[in-house]
Structure formats: C-alpha cells, structure tokens
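The structure appears right after this line, and notes come after that.
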Amino acid sequence: MQTLKYWVFTFSTSVSIKKLEQVNTLSYKTVSANKATVNKEWVIIDAEGKILGRLASVVASMLRGKHKTNFTPHVDCGDNVIVINADKIDLTGEKWSDKVYVRHTGFPGGQRFTTAEAMLKKNPIGLIEHAVKGMLPKNRLGSALFRNMHVYAGTEHPHEAQKPKQIEL
C-alpha cells in the first residue's frame, strides 16, 4: 500500500522559520458505514410521563443513527427502538384539546379533524408513530427507518429475545 507524501508548511510566530512536517494521509480517511459494517442494537424506551415531542425527537435520532460515530446520512445505521407505555404519554399546556390532526378521505369535502385526546383514546400508538414519522426523511430511507420502530400501549412486548437495553430520558 502506497502512502502519498504531502508537505505542510507551518510558521512559528516568534521567528519566521519554515518547518517541514510529513502528513499521514491515511489517518484522514472518512469512514462511511454500509449495510455490512453497521452494528444495530435493540433499545427500549419507556414513554410513561414523557412529553410527546421530546420523546419523538430522541426516538427519531436513534432510528436515524445520529448518536453513533459512524453515522452516514444515506444508510440505515440506526438502532431498533421499542417504545412501551404509549398510552401514558403526556402533552403540555392545552394541547390535549387544542392540537388537531387533519386527514383527508380523498373525496370532495372529506377533510376530517381529530383532537389529540380523541386520538389517544382510539389509537395511542398512532400519536407516537405520527410524531416520529414527521421527524424522519420523506423518502425510501425514511420508510425503512420507520419500520425499525415498534410501539406498544402497555409494558408487554414480544421482543425479549433480542435483549433490548433500557434507555433513560
């Protein structure tokens, strides 16, 4: 393996003497992760009493892999995240009654509105999934990252065999 030699000129502030240093270019290589080199872990996060948006931003960051040193933007290098106690999530202020989720049926005049309180009663998992999905990329990578998240309303989950480690927020 051949190393290229570059010379860097540095000047001393007290005396203008030129000093030559050899730079090792191999230590400056950028490491890009790929599917084979990524190490994915299983983590579990308890959502009981946590604020929805703050929890969702941490989950989205972990799904993306931004907490890892070998983060690569175009690769799925994040962890598999399990969120439990989704039915015990919290919102600040008057958002339970004021926050409105909008969807459309696809027919004329088919715009439908749902409050956060009604959504929690009907589908508590959907609250967290909606918040996290909005923080992920809007492309095929975002869809793949979203499939690495598993949300459950209670404390029970079927992923004990993966031995997930507990993350405290």
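The values are calculated or read from the model by the stated rules, or taken from the named source; none is laboratory data. This structure is a prediction, so every number in the text was calculated from the model and none was measured. Neighbour counts are summed over all protein chains in view; Cβ atoms, including those assigned to glycine, are modelled from backbone coordinates with ideal geometry.
Against the numbered list (1) over 26 Å from M62 (Cβ atoms); (2) in contact with a helix residue (DSSP H, G or I) (Cβ under 6 Å, 6 or more places away or on another chain); (3) of a type in the set (A, V, I, L, M, F, W, C), I125 comes up short only at (1). Under the condition of being surrounded by fewer than 15 Cβ atoms within 10 Å (Cβ to Cβ) and closer than 20 Å to T92 by Cα, the residues counted in segment 32-50 number 2. Just need a number here: residues in segment 28-70 that are touching a helix residue (DSSP H, G or I) at 6+ places or on another chain (Cβ under 8 Å) and of a type outside the set (K, R). Number satisfying all stated conditions: 14.
Could you say which residue among L63, L55 is farther than 20 Å from E156 by Cα, at pLDDT 95 or above and surrounded by 11 or more Cβ atoms within 10 Å (Cβ to Cβ)? After ruling out the rest, the residue left standing is L63. When G106, G110 are checked against the criterion of being out of contact with any strand residue (DSSP E or B) (no Cβ under 9 Å at 6 or more places or on another chain) and among the small types (G, A, S), G106 stands alone in meeting it.
Name the one entry in V100, V132, V75, V81 that is touching a residue at least 40 places away in the same chain (Cβ under 8 Å) and farther than 15 Å from V43 by Cβ.
V75
Residue-by-condition table, conditions (1) closer than 23 Å to P158 by Cα; (2) touching a Leu at 6+ places or on another chain (Cβ under 7 Å):
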site	(1), (2)
N70	no, no
N80	yes, no
K88	yes, no
W96	no, no
T105	no, no
R112	no, no
T115	no, no
L127	yes, yes
